[in-house]
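Below: the structure, in structure tokens.
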Amino acid sequence: MKDYKHLLKQPSKLIASGLLAAAVSTPAAAEDFEMSVSALRTSLSFSTPDADDNWDGNLGIQLQGLFSTNALPEEYKIGLFFGTTTWDANNDTVTLTNSNALSAQLSGESQITQLGASVLLEKSLPNNLSATLETGVQYQIISSDANITFTYSGGSTVSEKLDLDNNMAVIMGADINKKFQENLSAYIGATYQFAFITGDASAAGSEVDNSTDAFSVRAGIQFTFD
């Protein structure tokens with residue numbers, strides 16, 4: 001999965017440079033600040049976790065509101081989004097060393113609820129097409145319904161609940177949009193998320209980083225209000 005990362009680094013650089021230019025050349029006075037809803041986006045996604053030794057990706061849903069503001073050029077939008085997805089444990093059995101247990105197996109699932117904000121830059125293309133670049137941050141609320149089962153000599157087993165802490169992550173993405181009607185378009189794209197504040201995954205007194213880094217593909221529709 002590491003090979004995908006370089007494909008999504010450029011959006012944050014382009015957006016950051018555009019925001020800097022806007023701040024320097026066209027500052028809006030605080031008392032004149034305006035913001036209005038410009039679009040609503042909803043999508044389905046499929047994610048592939050970097051930690052694929054433990055987790056299998058699954059479908060997720062996202063809902064995102066886009067807002068226009070006079071503090072930014074017209075092609076920039078502020079996005080507020082909500083999303084949810086479930087990662088399934090892959091149920092693989094791992095042989096342990098330096099442990100009283102002979103092996104361990106992860107089973108169950110984790111539910112990830114995403115709340116975040118982003119900046120989007122949309123550029124028009126011919127034939128009613130446009131390209132959107134996105135970068136933002138999200139708070140990930142992680143609910144665990146997963147267990148680790150340890151197997152000991154003689155065949156005895158002990159099951160321990162896997163506790164998963166919440167994370168903060170950066171998201172970067174790119175979409176291609178196709179307008180079908182004046183206020184309706186469809187889009188497909190890809191995102192990469194990586195946690196920069198990582199909680200713990202803990203069970204049986206042991207802790208490791210709870211990685212939620214993942215590459216995702218998505219497809220959705222956008223309703224435009226302006």
What ³J(HN,Hα) values, in whole Hz, does the Karplus curve 6.51 cos²θ - 1.76 cosθ + 1.60 give for the stretch 41-49 when θ = phi - 60°, with x put for Gly and Pro?
-> 10, 9, 8, 10, 9, 10, 10, 10, x
Tell me, what is the FRET efficiency for residue 90 and residue 124 to the nearest 0.05, using R0 = 45 angstrom and their Cβ-Cβ distance as r?
-> 0.60
What percentages, rounded to whole numbers, describe P(r) for the stretch 65-218 computed over all alpha carbon pairs with 10 Å bin width beginning at zero?
-> 10, 30, 25, 17, 11, 6, 1
Which is farthest toward the positive dipole end of the stretch 113-226 among 219, 130, 156, measuring Cα position about the Cα centre, with Cβ charges +1 (Lys, Arg) and -1 (Asp, Glu)?
-> 130
Residue-span extension gain [residue 145 to residue 52] - 0.36 nm each, minus C-alpha spacing = 31.7 nm
In what sequence, highest mean first, do 145-152, 32-39 appear when ranked by Cβ atoms within 10 angstrom?
-> 145-152, 32-39
Restrict the search to the stretch 168-226; then list the chymotrypsin sites (Phe, Trp or Tyr not before Pro) that DSSP places in a loop and that have at most 13 other Cβ atoms within 10 Å of their Cβ.
-> 225
For the stretch 141-217, the dipole about the Cα centre with charges only on Cβ (Lys and Arg +1, Asp and Glu -1), to the nearest 20 debye, works out at 380 debye
Which length gain, in nm to one decimal place, applies between residue 111 and residue 44 when the Cα-Cα distance is subtracted from 0.36 nm times their residue separation?
-> 22.6 nm
Just report the Cα centroid separation between the stretch 180-226 and the stretch 73-147, whole Å.
-> 4 Å
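Just so you know, all these numbers are worked out from the coordinates, no wet-lab data involved. Predicted, not measured: the structure shown is a model, and the values here were computed from it. With ideal geometry, Cβ positions are generated from the backbone for all residues, glycine too; neighbour counts draw on all protein chains shown.
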